[in-house]
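Notes to accompany the following structure.
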Amino acid sequence: MQNKRFIVGLGEALWDVLPEGKKLGGAPANFAYHAGQFLGQDNTLAVSALGEDKLAEETLDSLREHGLNYLMPRVPYPTGPVQVTLDDVGIPSYDIKENVAWDNIPLDSDVEAVARQCRAVCFGSLAQRNVVSRETIHRFLDLTPADCVKIFDINLRQNFYTKEVIQESMRRCNILKINDEELVLIGRMFGYPGLDIENKCWLILGKYNLDMLVLTCGTNGSYVFSPGQMSFQETPKVTVADTVGAGDSFTGSFCAAILSGKPVAEAHRIAVEVSAYVCTQNGAMPPISDELLARVK
C-alpha cells in the first residue's frame, strides 16, 4: 500500500435479496466498483466488516468476481442481508437487518493506513447508525489528507439516521450528494421552511462550506451546485430494468471524472449517462460500456 492513493467506499457491505435472487450490494462497494471501472480497480477499495459466516465467504467471492479490492476485517456479528422489493416501475424499498458486521467496523491499523493514503472517499448515513462504525468513519475522515475528496452520499434509509449524524457528516465532507426526497426531509429537520429546492441547496452549500452539492431528482433531472455556478442535466429516458445501484454509479463515475480533471458540467453529464445505463441493467454492478468508459479517459 506504500505511496498508493486510494478511492474508497466506506461503510455497509451487504446482500440485496432481490426477487430474482441475492446480489452483493451496499453503496460503498457499488461506489468503489463504478469508480474503479473508470480509474482502474487497483486504485479503488471497499472498506467495511464481515462476519465469520457463509455469507461472508460469498461476499469475498463476489468482490473478487467483480475485481474489487477490499479491506473488511472479520467481526463476531452476522454478515447482513437486505430484503429488497421492487414496485411496478423498478423502484426499490429495503428491509435492513440490524446489529450486523458492518455496524461494527473496527478502526485497526490497516484501516488507519488506508485513511492516510486516501485520494477520495464516499460514505453515507446508514453505516453510522451504530456507534462503533460511526466512530470509525469519523476517525477515518479525520485522518485523510487535506486534498482528499470526501463525498457524503446521505442515503437515508428507514429510520437509521439522526440530525446529529447528518450535521457531523456534512461538517466532515466537501461534496454532499442528496436526492429530492431527502432534501425535503433535511429541510424539515433543519428548519428551512418555505425555501425552494435551489435555495435550500445554495443555503446548505454555503452553511457547510462545501465544494459541491449534487442533487438528484429522479426523472426530473439532476443538479450540481458549486460556489458561483450550477449545472443541470435532464434525466435520459430509458427502459428501466431496476434502479438498484444507479445512484452509486452516478457518484462513482462523477468522482472518477472530477479526479480525472473534468470540468463540473462534463463530470455531471458523464454521471447522468452512466446512471441511466445502469438503470437499463439488472443489479448494482453491471460492466459499463467501452463508449462510456472512454468519456473519462
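The values are calculated or read from the model by the stated rules, or taken from the named source; none is laboratory data. Because the structure is a prediction, the values reported are computed rather than measured. In this analysis, Cβ positions are derived from the backbone assuming ideal geometry, glycine residues included, and neighbour counts consider all displayed protein chains. Accessible surface is based on the protein model in full, side chains and every heavy atom, while ligands, DNA and RNA are left aside. Shrake-Rupley method; radii C 1.70, N 1.55, O 1.52, S 1.80 Å.
Screening Asp153 with (1) more than 17 Å from Lys207 (Cβ to Cβ); (2) touching a strand residue (DSSP E or B) at 6+ places or on another chain (Cβ under 7 Å); (3) open to solvent by 30 Å² or more (accessible area, probe 1.4 Å) gives one miss only, at (3). A residue that is outside any loop (DSSP other than H, G, I, E, B), under 20 Å from Leu213 (Cα atoms) and of a type in the set (Val, Ile, Thr) occurs somewhere in segment 154-170. In segment 6-23, the count of residues that are open to solvent by 50 Å² or more (accessible area, probe 1.4 Å) and not in a strand (DSSP E or B) is one or more.
Looking at Leu60, Leu45, just one residue is touching a strand residue (DSSP E or B) at 6+ places or on another chain (Cβ under 6 Å) and more than 18 Å from Lys97 (Cα to Cα), and that residue is Leu45. Considering segment 183-210 alone, what residues qualify as being under 28 Å from Cys279 (Cα atoms), open to solvent by 50 Å² or more (accessible area, probe 1.4 Å) and under 21 Å from the mean Cα position of the chain (by Cα)? Hits for segment 183-210 are Val184, Leu185. Filter segment 82-123 for residues that are open to solvent by less than 10 Å² (accessible area, probe 1.4 Å) and not in a strand (DSSP E or B) and give the result. Within segment 82-123, Gly90, Val100, Ala101, Trp102, Asp103, Ile105, Val111, Val114, Ala115 meet the criteria. For beta carbons closer than 9 Å, sequence separation of 6+ or different chains, a first residue in segment 118-143 that is over 25 Å from Pro81 (Cα atoms) and without any contact (Cβ under 8 Å) to a residue 40 or more places away in the chain and a second that is open to solvent by less than 40 Å² (accessible area, probe 1.4 Å) and of a type in the set (Ser, Thr, Tyr), the qualifying pairs are Leu141/Ser169. Restricting segment 62-80 to residues that are touching a Leu at 6+ places or on another chain (Cβ under 7 Å) and open to solvent by 50 Å² or more (accessible area, probe 1.4 Å), the residue that is farthest from Lys237 (Cα to Cα) is Arg74.
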